[in-house]
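Every number here is computed from the coordinates shown, using simple stated rules; none is lab data. As the structure is a prediction and not an experimental result, all values here were calculated from the model. Cβ coordinates were reconstructed from backbone atoms using ideal geometry, including for glycine residues, and neighbour counts include every protein chain displayed.
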Amino acid sequence: MPLTHFEGEVIVVDKMKQVPQAVAYLSQFDVVGVDTEARPSFKRGVHYPTALLQIATQERCYLFRLTHIGMPPLLASLFADESICKVGLAFKDDLQGLRRRRNFVPKNCVDIQSMVNKYGILELGLQKIFAICFGKKISKSQQLTNWEASSLTSEQALYASTDAWATLLIYKELKATKPLPKKVVEALKREDIERQRLHQLEVMQSKCNNTNDNNSTQAQKG
């Protein structure tokens, strides 16, 4: 699939004085795409606070560096504003991370994972959902980079803005499409379960065959 990415304006917000202008711009829209990033952890049980908050329209994406500015009240109020739809993926985790920085009551926050089943999409990952909707691929190459670094690389900024923008595009595409009948969705789920079952059987059979081949080889050597 062809690779695509966000081509709009990317604005890094790392100073408190930049927040009012950013929130004022975003507040003009009925719906925005949201994503967050945290420093990756490679140790079990170790989690780092949300380092970056991305909020995108189709033309512009703001990257709020929370390691520099925290979670300002004005920014938190955007998530409590019922008139603006905030769209994310696995959104509950993102919101929990943001609320650890400053508590707020989320309103009108939509997780596209809760929508896709109605359209016969059984995948839950952003990259796969985007590919199904648009026939294009978005890169995940920067996912495990250090989001707490003193400055963001251009690659990080592009990756982060693309993720927030992608959630917005998916939401708009789904809202413009008629959901499938419930019976059709249930049939697709059954087919998917059967495919997974057959795949597991094939994997188990392959392992069995390999084990038998190895045992046969060892016996011949003996």
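Listed values, structure above:
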| quantity | calculated |
| --- | --- |
| Helix 91-101 vs. the chain, principal-axis angle (Cα, 0 to 90°, nearest 10) | 50 |
| Gain upon complete extension [GLN96, LEU198; 0.36 nm per residue less C-alpha separation] | 33.0 nm |
| Nearest-ten-degree value, helix 154-175 long axis tilted from longest Cα axis of the chain | 80 |
| Placed amide H near ALA38: partners under 5 Å, 5+ positions off or other chain | ALA51 |
| Relative contact order (%) - criterion: Cα under 8 Å, at least six apart; region: region 9-180 | 28 |
| Globularity index of the chain, i.e. its alpha-carbon radius of gyration over 2.2 N^0.38 Å | 1.26 |
| Sequence-distant aspartates and glutamates (8 or more away, or on other chains) whose Cα lies within less than 20 Å of LYS136 | GLU7, ASP35, GLU59, GLU123, GLU155, ASP163, GLU173 |
| Set of lysines with alpha-carbon distance to LYS189 below 16 Å, sequence-local pairs under 8 removed | LYS118 |
| Cβ-placed point charges (K, R +1; D, E -1), dipole of region 9-180 about Cα centre in debye, nearest 20 | 340 |
| Gaussian network model of the chain, springs between alpha carbon atoms under 10 Å - residue of ALA38, ALA24, ALA164 with greatest fluctuation | ALA24 |
| CD proxy at 222 nm, helix term only [per DSSP H run n ≥ 4: -39500 (n - 2.57); per residue of the chain; nearest 500] | -15000 deg cm²/dmol |
| DSSP beta bridge pairing in the chain, given as percent antiparallel to the nearest 5 | 50 |
